[in-house]
1. Just one of A:SER230, A:SER239 is more than 8 Å from the ligand (Cβ to nearest atom) and touching a helix residue (DSSP H, G or I) at 6+ places or on another chain (Cβ under 6 Å); which is it?
2. Among the residues of segment B:266-307, count how many are in contact (Cβ under 8 Å) with a residue 12 or more places away in the chain, among the charged types (D, E, K, R) and open to solvent by 70 Å² or more (accessible area, probe 1.4 Å).
3. If we keep just the residues of segment B:105-126 that are open to solvent by less than 40 Å² (accessible area, probe 1.4 Å) and among the hydrophobic types (A, V, I, L, M, F, W, C), which is farthest from the other protein chains (Cβ to nearest Cβ)?
4. A:LEU207: within 14 Å of another protein chain (Cβ to nearest Cβ) and either open to solvent by less than 10 Å² (accessible area, probe 1.4 Å) or modelled with pLDDT of 95 or more (or both), yes or no?
5. Considering each of A:LEU63, A:LEU57 in turn, give the residue that is in contact with a helix residue (DSSP H, G or I) (Cβ under 7 Å, 6 or more places away or on another chain), more than 16 Å from the ligand (Cβ to nearest atom), open to solvent by less than 10 Å² (accessible area, probe 1.4 Å) and closer than 28 Å to A:PHE133 by Cβ.
6. Going by the structure shown, is A:SER208 within 16 Å of the ligand (Cβ to nearest atom), under 24 Å from A:LEU148 (Cα atoms), in contact with a strand residue (DSSP E or B) (Cβ under 8 Å, 6 or more places away or on another chain) and not acidic (Asp, Glu)?
7. Take segment A:101-126 and flag every residue that is surrounded by fewer than 18 Cβ atoms within 10 Å (Cβ to Cβ) and closer than 20 Å to A:SER178 by Cα.
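The values are calculated or read from the model by the stated rules, or taken from the named source; none is laboratory data. Since the model is a prediction, treat every value here as computed from it, not as a measurement. Here the Cβ positions follow ideal geometry from the backbone for every residue, glycine too, while neighbour counts run over all protein chains shown. Remember, those area values only see protein heavy atoms, side chains included, never the ligands or the DNA or RNA. Shrake-Rupley method; radii C 1.70, N 1.55, O 1.52, S 1.80 Å.
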Amino acid sequence: MLPANFQFSQSNLQDYVDCPRRFQLRHFQAQAWPGVQAEPVLEYERHLERGARFHRLIERHQLGMDSAMLAATVAGDAELSAWWRDYLHFDYLHDLPGRRYPEFSLSVEIAGARLVAMYDLLVVVSGERVVIFDWKTYHREPSRQWFLARLQTRVYPFVLVSSGTGLSGGNLLPEQVSMVYWVAAAPLEPVVFDYNSKRLAVDCDYLSGLIREILTLGDGSAWSMTADESRCRFCEYRSLCDRGVYPGLLENISNIDDNIAGSVGFSVLGGVGEVGF
Amino acid sequence: MAARTLFIEGPAGVGKTTYALRHIRDLLAQGTGPETMLVLVPQRALGRPYQAAFTAPDWPGGAQIDVVTLGGLARRGLETFWPLVAKQAGFAHPEWEPIFLTIETAQYYMARFVNTAIRTGVFDSLNLEPAHIMRQTLDNLSKAAVNSFPLDEVADRLIAAWGDRHSSRPPVYRASLDVAQEFRDYCLETSFLDFSFQIELYIKFLLNEPLYRVYFTQRYRHLIGDNLEENFPVVGDFIRWAWDDLDSALLLYDTDAGYRVFLGADPGGMYELKELCADTQVWRDPVNTSPVMVALTGDLAVLLDPGREKPVQPDVNPLEGLVYESFRFYPEMIDWVVDSIAGLVDSGVPPREIVVLAPFLGDALRFGLSTRLNERGIETVSHRPSRALRDEPAARAILTLMALAHPEWSYRPPVDDVTHALQETIDGLDPVRAWLLTQIVYRPSRDDLGSFDIIKSDIQQRITFQVGERYHRLREWLLEYGSGAERFPPDHFLSRLFGDVLAQPGYSFHTNLDAGRVVAELVESGRKFRQTISMYHDVEDWSAVLYEYFSLAHQGMLAALYVASWRDEEKDAVFLAPAYTFLMRNRRVDYQFWLDAGSDYWWERLEQPLTHPYVLTRSYPPDQNWTDDLEFAARRDALCRLVTGLVRRCNRTIYISISNLGISGYEQRGPLLRAFQQLVQRYPAPGGLRS
Ligand code: SF4
């Protein structure tokens, strides 16, 4: 049985897809395990903190705070200032009319469970379309295929369309939804995914199948461990699973945040909902 | 004014929260956006019924409904709108993000100022530990914030309440407030926000920010305020601030409660919010409550507080809901409680339908009860609000290893601690061998741990070579770490020692999930501690920070924060808790056991010479002396609320246990016992009653 009030999300589903045992330990048993996830730790933390500040900065801007005032708050941090400038030149967003919903959460019922999505930003052009924005402060730009394979790319539009939200002033068609990843490493080349009915049906099948599968698993024994042991080098449960002693080096993988930000990201940032930057 | 406003008052169990959930569903059915609703509760635990409903699969899809406390709203608001507040509020570095202090880090920084003041002798007239001076000074800051009092007013009120008892106290009050002011100035320098400062900034600055008002009024159109009576006065200010822009408001008030008065809640002030509402309703009829419990509530309330009006009661004998037994000695009483619980469980009662309640629940009592019940095969869960993290064996062991890794510190762990640490962490090392090993390799006067290789071979054999090899690896790690100790903050030290050695095969934490949880808590507290120090300063050498952290943990200033996990909450286990803790969980059970009903503790409040829960509220006249009569009335009122609250949360039977001699051997006849004795005399004994 999953914890009371448990909600599925893109990040815990991604954990399950990456390693069922990790899902069991992190989410099913809520087992704290203080192994180091990646080295150098301080550098990794700084990156996460900077990412959190960047998200906060955009939220503030989208809520109407003055950009000059905001720029002054990051003047002491060259990397953050650079991201901020790039964001200010992100015309795709700034030219888009519509109401802004920064840091917004939606949820739906699926397969007898609740699935939640926490959006960095939704822009709603009433009666026309809704655009999902997600900020990624990666140092290297992942391929489009990589994004396509992420649970986030499926969960976010699916929840938006399925939640029947009145945000757009009526029922929302899949074709009215698109998802945009803004990547710090390539700020002028956002990765855009347009949604459609076929995709919705596929995602619905896939996500409900996944959730049903998880719900049938009991806690009597350890769930299966990933066959890809490279994941274990960046996982705090490494010692518990007998999958090595020392953590992996950050420089050895791309898109570190999405690969390893689980509980560390959570505790470093004091409970930021979904870490993916 | 909000267009649709309703105030419902009534005791616990009449269905107020159920109604609120139905009200929210109705709003949703009418097309109201869930994101426009705000559920405001005084404490997170009281928001659980809402969170449970909103996350249930059958709840309508859509945006998440916010369930928050004022503290949560303040923190979120300050995090998001900080640039609008920082400069106005006078922060030295408005460009820095705020650093939110935990209780521990707030105490750590407050301790600096308190210790300086103690050295001047200003607190000498009080026989009080520094930790208590620190906590009560922080408490005064909180009381100031939740009432919107200036700090001077706190001192003035305390001095006026003290009256002319003797003259040594007023300077002490002033000194506490001076220390509080120094701490606050330091927070302005460093962008630190403790709980009180968050509340103050939110109410004083953020609520006056036009952009925040626009944001708030666009976002939230419907307010649901539950358990209003447990709120601080500033929550009333906040509701009045939001009121005119709301489309609807539903306010729920529990007429018997007000259990958080000790923390600054103002039930009387919150009741005045009723005047804002267009409709008001009084609900009296409990839902699914046995008539016996209804009768018992009414009788006990009047017996404890004769000034109360006796409610209309069902025509039943309230003694049918009681079993009581009196003993000469405390241990006999505990025996009876354990036997009675075992009898209930044997007869098919699920353990989670049983709670054992005491006014205070010390570690010895808790341990004794849970051990005895566990021996009978009955699981228990308990709430341990003030347990120090260092008291957990795993934490004690790893802290000892931390000290061993730093021979340069003035602190050298005692031999017993080292024996415990080795036995606790090395798999296969029993207490006798651990003692033997420690005797040979450790001398508090020597710099580091000795090598296994230097031990005579016959002793090596006794200890075993396998253990020796494990000891060797641990020692090597500690020595190697020591050569570059300045590079590691405390949390990294702990994580590495755990992951590199103690959680590896051959060591006891390898698959010890409890130890993992405890060390994770230490790591987390170390991280927070380190972050307050290093957020805006580059730290080249962590040695001093590490030592400070160690001292904090070692002095027991880090509380085990482990909040009962969901599994504990849902476990089929007997719950052992202080009575107020149980009340604030707002749960009903079939059977309650009240321990030691003759004890005066049931109506005594915590001795806090530097602060005062009743005087430091808005509803108390600022220049009024606090008399013995007022103290008596306050205690009587608190006991009456406590007892009626407990009875209302019992479905079947309350077991009253009485020990004529208290735990310290004195005769006991507290007011709760007297009330029961009067009750028993009033009604004929029903068949089931034992006395
Ligand atoms: S260490 Fe590897 S196998 Fe174990 S939970 Fe982590 S990813 Fe899964």
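1. Working: A:SER230 fails: touching a helix residue (DSSP H, G or I) at 6+ places or on another chain (Cβ under 6 Å).
When all the criteria are applied, what remains is A:SER239.
2. Quick first cut of segment B:266-307, residues in contact (Cβ under 8 Å) with a residue 12 or more places away in the chain only: B:266-274, B:276-301, B:303-305.
Those left that are additionally among the charged types (D, E, K, R): B:266, B:272, B:274, B:279, B:284-285, B:299, B:305.
This time we only want the ones that are open to solvent by 70 Å² or more (accessible area, probe 1.4 Å), so: B:272, B:279, B:284-285.
Residues meeting the conditions: 4.
3. B:LEU126
4. Details: within 14 Å of another protein chain (Cβ to nearest Cβ): yes; either open to solvent by less than 10 Å² (accessible area, probe 1.4 Å) or modelled with pLDDT of 95 or more (or both): yes.
Answer is yes for this residue.
5. Values: A:LEU63 fails: open to solvent by less than 10 Å² (accessible area, probe 1.4 Å).
Exactly one residue qualifies, and that residue is A:LEU57.
6. Working: within 16 Å of the ligand (Cβ to nearest atom): no; under 24 Å from A:LEU148 (Cα atoms): yes; in contact with a strand residue (DSSP E or B) (Cβ under 8 Å, 6 or more places away or on another chain): yes; not acidic (Asp, Glu): yes.
Taking the combined requirement at face value, the residue does not satisfy it.
7. Matches in segment A:101-126: A:VAL125, A:SER126.
Quick grid of which residues meet (1) aliphatic (A, V, I, L, M); (2) in contact with a Gly (Cβ under 9 Å, 6 or more places away or on another chain); (3) open to solvent by 10 Å² or more (accessible area, probe 1.4 Å):
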| site | (1), (2), (3) |
| --- | --- |
| B:ILE398 | yes, no, no |
| B:PRO414 | no, no, yes |
| B:LEU422 | yes, no, no |
| B:GLY428 | no, yes, yes |
| B:ARG433 | no, no, yes |
| B:LEU436 | yes, no, yes |
| B:ILE440 | yes, yes, yes |
